[in-house]
Structures are given as C-alpha cells and as structure tokens.
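In what follows, a structure is listed as structure tokens, so that the remarks can point back to it.
The values are calculated or read from the model by the stated rules, or taken from the named source; none is laboratory data. What you are looking at is a predicted structure, and each value in this text was computed from that prediction instead of being measured. We place every Cβ from the backbone using ideal geometry, glycine too, and count neighbours over all the protein chains shown.
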C-alpha cells in the first residue's frame, strides 16, 4: 500500500500535463482560417482526388507538400474542410513542417 500513495499524487499531475501538451500540439497543427495549409491524404483513393477536390472548393495550389501525396495550398478552411474530410483528406497548419519558411 505504501507504493500506491505516491502514485496517487503524481498520476493526476502527469495526466493534466499530458492533456496540456496534446492540446498545444493540436492548436499548433490546426490549419488557419484562410491562408496556406498542407492537405494530407489518408488513403490511396484520397490521394488520387486531392488536387481536383481542392481546386473545386476554392484552393489555389502552391507546391508539392513535404510528405508523399501531400499538397501545399492556399485557401479557406471553411470552404475546404467539409469536402476534404468526406474524402479522407486532412488539412494541417503549415507551421508544423516549416512550409513556406526560407531555407
């Protein structure tokens, strides 16, 4: 029983720190309302329709993304998100990978 008591104090703190870190990473990866974002297909089918769906929903293609099949686009999240999510494509912030930063 003596081993359990210290963990009762540490576990809530560790859990809270984990939630804070997870939340910060989520905010960091959340795409902007409008501007540059990375479109990341989650399946092979999503990869094949990525560019046409993005263009059809108002995105402007900027460059090839940092990961296989991804694209760097400029657009509005509210216009892109519904169509992309239905097809298995996730929009991420460009800050995550340093896209658009000078080399």
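Taking residue 25 and the conditions (1) touching a strand residue (DSSP E or B) at 6+ places or on another chain (Cβ under 6 Å); (2) surrounded by fewer than 13 Cβ atoms within 10 Å (Cβ to Cβ), which numbered condition does it fall short on, given that it satisfies the others?
So the condition that residue 25 fails would be (1).
Is it the case that some residue within region 46-65 is surrounded by fewer than 10 Cβ atoms within 10 Å (Cβ to Cβ), at pLDDT 85 or above and farther than 17 Å from residue 81 by Cβ?
Within region 46-65 (the criterion being surrounded by fewer than 10 Cβ atoms within 10 Å (Cβ to Cβ), at pLDDT 85 or above and farther than 17 Å from residue 81 by Cβ), the answer is no, since none of the residues qualifies.
Of the numbered conditions (1) surrounded by fewer than 18 Cβ atoms within 10 Å (Cβ to Cβ); (2) at pLDDT 90 or above; (3) closer than 17 Å to residue 79 by Cα, residue 42 fails exactly one; give the number of that condition.
Among (1) surrounded by fewer than 18 Cβ atoms within 10 Å (Cβ to Cβ); (2) at pLDDT 90 or above; (3) closer than 17 Å to residue 79 by Cα, the lone unmet condition for residue 42 is (3).
Among helices (runs of 4 or more DSSP H) lying entirely in region 4-96, which contain 2 or more residues that are within 14 Å of the chain's Cα centre (by Cα)? Quick ask: steps written out before the conclusion?
Numbers: elements: 4-29, 44-56, 77-86.
Per the criteria, 4-29, 77-86.
Working carefully through the options 23, 35, find the one that is outside the structural domain of residue 75 (by TED's automatic domain parsing) and modelled with pLDDT of 80 or more. It would help to see each step written out before you state the result.
Values: 35 fails: outside the structural domain of residue 75 (by TED's automatic domain parsing).
Matching residue, one of 23, 35: 23.
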